[in-house]
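The values are calculated or read from the model by the stated rules, or taken from the named source; none is laboratory data. In this text the structure is predicted, and so the values were computed from the model without any measurement. Heads up, the Cβs are rebuilt from the backbone with ideal geometry, glycines too, and the neighbour counts pull from every protein chain shown. Note: areas computed on protein heavy atoms with side chains; ligands, DNA, RNA excluded. Shrake-Rupley method; radii C 1.70, N 1.55, O 1.52, S 1.80 Å.
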Amino acid sequence: MSTRYENLFRSLHNRGEGAFVPFLMLGDPTPEYTLAIVRTVVAAGADALELGVPFSDPVADGPTIQTSHLRALDGGATVDSALEQVRAIRAEFPELPIGMLIYGNVAFTRGFDRFYAEFAEAGADSILLPDVPVREGAPFITAAEKAGMDPIFIAPARATAHTLEGVAQSSRGYIYAVSRDGVTGAEKESETIGLEEVVANIQRFDGPPVLLGFGISEPQHVRDAVTAGAAGTITGSAITKIIDRHVSRETDAEGRPVEGTPGRISDAKALHKELAEYVTRMKAATQE
């Protein structure tokens, strides 16, 4: 497990808090604006970050985050620019745990060893490949461990004991536990009934700390997750929706966004204010 994750979870446990981890798409709306958004969420109380690398076919994501992938690509985002952004974030926040969420095709395209080594050198602590199940994870785990990177796997809400055992044994840093079936997104709220069972089913295999994601969009969802025994939560779509509301794009005669044109922040002050207030509320819920 990354020392940064160990230190974070130990510190939070000693203070009786859970972790609140925002997901942000690197390069959304442009690579140049990412660091400003990161500064805002960290100042508002984010305990760690999960950062997405834009990909053209994000099958595990719902409509909101799919849009952020495509908007970032339209704004000129690349894997190389993502690496540069990770380096900049690590330089500014040396102790902050940084997890990456990247689709498996990126690893295949760059080559496993190069892929993990590059993100480790840039300063990332972990990589989650949402379209690679643990049963197919062996070559990814080998390359990750060679680079000193924590591999993260998803624990599905209704997984078999065999799958959960594999996730617990193979994950380092934390386990990404899915609180409900489906894709990411606040379009369908987290189902709070049964969260205790979800967490308990994973914890019986003695893996790393459990973070709950998918549909975590309100403070009550965070409270429920921590009460259920999770070490914290990850929130993506609700934060991406805030960014959505403050991004404008070139439109055609019928008012539809023109593909290939970058997004622009329409009101930076309002964006940062709304982001800060949201993250502050979500983090406060981990302390209650």
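In table form, for the structure just shown:
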quantity: FRET efficiency estimate (nearest 0.05) - Cβ-Cβ, Arg256 to Phe205, R0 41 angstrom; calculated: 0.30
quantity: Protein-only accessible surface order, largest first, of Tyr33, Tyr116 at 1.4 Å; calculated: Tyr33, Tyr116
quantity: Efficiency of FRET between Glu95 and Gln169 - r from beta-carbon atoms, R0 30 angstrom, step 0.05; calculated: 0.60
quantity: Residue-normalised accessible area of region 4-285, expressed per residue, 1.4 Å probe, Å²; calculated: 41 Å²
quantity: J(HN,Hα) series, region 129-144, from Karplus relation 6.51 cos²θ - 1.76 cosθ + 1.60, nearest Hz, glycine and proline x; calculated: 9, x, 9, 10, x, 4, 5, 10, x, 3, x, 6, 4, 4, 5, 5
quantity: Alpha-carbon centroid distance for the pair region 117-157 / region 1-40, whole angstrom; calculated: 18 Å
quantity: Normalised per residue, the volume of the convex hull around the Cα set of the chain (Å³); calculated: 115 Å³
quantity: For region 203-220, 3J(HN,Hα) per residue [Karplus equation, 6.51 cos²θ - 1.76 cosθ + 1.60, θ = phi - 60°, Hz, x = Gly/Pro]; calculated: 5, 5, 9, 6, x, x, x, 9, 10, 8, x, 6, x, 8, 10, 10, x, 5
quantity: Carbon and sulfur %, accessible surface of the chain computed with the full protein complex present, 1.4 Å; calculated: 51 percent
quantity: Value of [θ]222 nm, deg cm²/dmol, for the chain, DSSP H segments ≥ 4, -39500 (n - 2.57) each, nearest 500; calculated: -14000 deg cm²/dmol
quantity: Antiparallel %, DSSP beta bridges [both residues in the chain], to 5; calculated: 10 percent
quantity: Tally of Lys pairs whose C-alpha atoms are under 25 Å apart, taken over the chain, 8 or more apart or cross-chain; calculated: 7
quantity: Fully extended contour minus Cα-Cα distance, from Arg135 to Arg264, at 0.36 nm per residue; calculated: 42.3 nm
quantity: 3J(HN,Hα) from dihedral phi, region 277-288, Karplus parametrisation 6.51/-1.76/1.60, rounded to Hz, x for glycine, proline; calculated: 5, 5, 5, 4, 5, 5, 5, 4, 5, 6, 9, 8
